[in-house]
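The values are calculated or read from the model by the stated rules, or taken from the named source; none is laboratory data. All values derive from a computational prediction rather than experimental measurement. Note that each Cβ is placed from the backbone with ideal geometry, even for glycine, and that neighbours are counted across all protein chains shown. In case anyone asks, the SASA skips ligands and DNA or RNA and just uses the protein heavy atoms, side chains included. Shrake-Rupley method; radii C 1.70, N 1.55, O 1.52, S 1.80 Å.
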Amino acid sequence: MSMNIALIGYGKMGKAIHSLAESDGIHVISIIDPKSSQYKTITEESMKNVDVCIEFTTPESCIDNIKKILSYKKHMVIGTTGWERHLPEIKEEVHKQNLGLIYASNFSVGVNLLYRIVESTSQLFAQVTAYDPYIIEAHHKHKKDAPSGTAKELISIISKQYKRKEKDFSVAVTRAGAIPGVHEVGFDSSFDTIRINHTARNRNGFAAGALLAAKFIKDKKGFFHFRDEFEKIIGGLQ
Ligand SMILES: NC(=O)c1ccc[n+]([C@@H]2O[C@H](COP(=O)([O-])OP(=O)(O)OC[C@H]3O[C@@H](n4cnc5c(N)ncnc54)[C@H](O)[C@@H]3O)[C@@H](O)[C@H]2O)c1
């Protein structure tokens, strides 16, 4: 499938997506970033011939960018994290404009498989009071939001199975060095600990997932969460 994309935000993630896109038949025709030599902000010219915008910026810029992308009637993939409180407002706007938006706090296929594992594991552990669940996450020192969006999704999955409030679950956060992303869900008892760990080796897993999401949203209208559409996007789980 040939597709033209605009990268909004050309930091670590924008660059990782760019490096994988061309080999996937996806053309990066616009790079928008205050530090970019092509476009500093979203303009009419920067949106010309763009099929899908992929946005990885900051929680402070993301909402304004989504509104601008909507005003140019483009479908979009949103990878920025830390804007969850605006979800209802944005969802309404996307439906009103009859466009397509897909978002995820983590586009990695491995992490989306981890969500499934944690869902079934916590369903099992919720029946055994001896085990207490917890989450540990670690990222590089520049990451702005804490806990990570992925850790929040893991809490939401576990709390549904345990039928307890999200705030009742313990999350430990580390921000140091250049760590691309570690998430661990543990179940601890007085006898032992069971750990499920995902460690990203680099950013390519997130970038590959964002490109899968771009192919998915190109001809779709509606507001989608990558986690809910995951099986369709990867072509089913066998
Ligand atoms: N969903 C996922 O799978 C996933 C994976 C990794 C990171 N993230 C999230 O993606 C976001 C970006 O991560 P990163 O590691 O690339 O950060 P980064 O700091 O390396 O890059 C962010 C870039 O956005 C640019 N920017 C800021 N405001 C802008 C604006 N208004 N318009 C255009 N560009 C703007 C900055 O100049 C910078 O180059 C963060 O919120 C991070 O948590 C999500």
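Please go through region 1-92 and write out the trypsin sites (Lys or Arg not before Pro) that DSSP classes as loop and that have at most 11 other C-beta atoms within 10 Å.
Filter output for region 1-92: Lys35, Lys73.
Can you list the chymotrypsin sites (Phe, Trp or Tyr not before Pro) in region 163-204 that are in a DSSP coil and have 15 or fewer other beta carbons within 10 angstrom?
Phe191
Once phi is turned into ³J(HN,Hα) by the Karplus curve 6.51 cos²θ - 1.76 cosθ + 1.60 with θ = phi - 60°, what whole-Hz value does each residue of region 207-217 show in order, with x for glycine and proline?
5, 4, x, 5, 6, 4, 5, 5, 5, 5, 8
How big is the chain on each of its three principal axes, counting only the C-alpha atoms and giving the largest first in Å?
Dimensions of the chain along the principal axes of its Cα atoms: 62, 37, 34 Å.
Output wanted: per-residue J couplings in Hz (rounded whole) for region 95-111, from phi through Karplus 6.51 cos²θ - 1.76 cosθ + 1.60, θ = phi - 60°, x for Gly and Pro.
5, 4, 7, 6, 10, x, 9, 10, 9, 7, 7, 8, 8, 5, 4, x, 5
Dividing the alpha-carbon radius of gyration of region 115-167 by 2.2 N^0.38 Å (N being the number of residues), what value is obtained?
The value comes to 1.23.
Modelled label-to-label distance, Ala146 and Glu231, 7 Å Cα→beta-carbon offset: nm?
Here the modelled spin labels are 3.8 nm apart.
Which net charge results for the neighbourhood of Ala126, defined as the other residues with beta-carbon distances under 10 angstrom from its beta-carbon, given Lys and Arg at +1 and Asp and Glu at -1?
Net of charged neighbours comes to +3.
Rank Asp33, Asp192, Asp132 by mean-square fluctuation in a GNM of the chain with C-alpha springs under 10 angstrom and give only the top-ranked residue.
Between Asp33, Asp192, Asp132, it is Asp192 that shows the largest mean-square fluctuation.
Step through the residues of region 131-148 one at a time and calculate ³J(HN,Hα) from phi using the Karplus curve (6.51 cos²θ - 1.76 cosθ + 1.60, θ = phi - 60°), rounding each to whole Hz and writing x for Gly and Pro.
For region 131-148, the Karplus-derived couplings read 10, 10, x, 8, 10, 10, 9, 9, 9, 4, 6, 8, 4, 7, 8, 8, x, 5 Hz, x marking Gly and Pro.
For the charge dipole of the chain, defined by +1 on Lys and Arg C-beta atoms and -1 on Asp and Glu C-beta atoms about the Cα centroid, which residue among His140, Ile29, His95 has the Cα displaced farthest towards the positive pole?
Going by the charge dipole, the pick is Ile29.
Using modelled amide H (1.01 Å from N, peptide plane; none on Pro or chain starts), what sits under 5 Å from the amide H of Thr174, excluding residues fewer than 5 places away?
It is Glu137, Ala138, His139, by chain and number.
Filter the GluC sites (Glu not before Pro) in region 1-100 to those in DSSP coil with at most 14 other Cβ atoms within 10 Å of their Cβ, and list the result.
Taking region 1-100 and a limit of 14 other Cβ atoms within 10 Å, the loop GluC sites (Glu not before Pro) found are Glu44.
Keeping all protein chains in position, work out how much accessible area Leu7 exposes to a 1.4 Å probe, and write it in Å² to the nearest 10.
Its heavy atoms expose roughly 0 Å² to the probe.
Under the Kirkwood approximation applied to all pairs of distinct alpha-carbon atoms, what is the hydrodynamic radius of region 109-199 in Å?
One over the average 1/r among Cα pairs gives 13.4 Å for region 109-199.
In a shell of Cβ-Cβ distance under 13 Å around Thr174, excluding Thr174 itself, what net charge do Lys and Arg (+1) and Asp and Glu (-1) give?
+1
Have a look at the DSSP beta bridges in the chain and tell me what percent are antiparallel, nearest 5.
35 percent
Per the Cauchy relation, a quarter of the hull surface: what is the mean projected area of the convex hull of the alpha carbons in region 1-90, in nm²?
So the Cα hull casts an average projection of 5.7 nm².
Would you tally the net charge around Asp33, using a Cβ to Cβ cut-off of less than 12 Å, leaving Asp33 out, and scoring K and R as +1, D and E as -1?
+3
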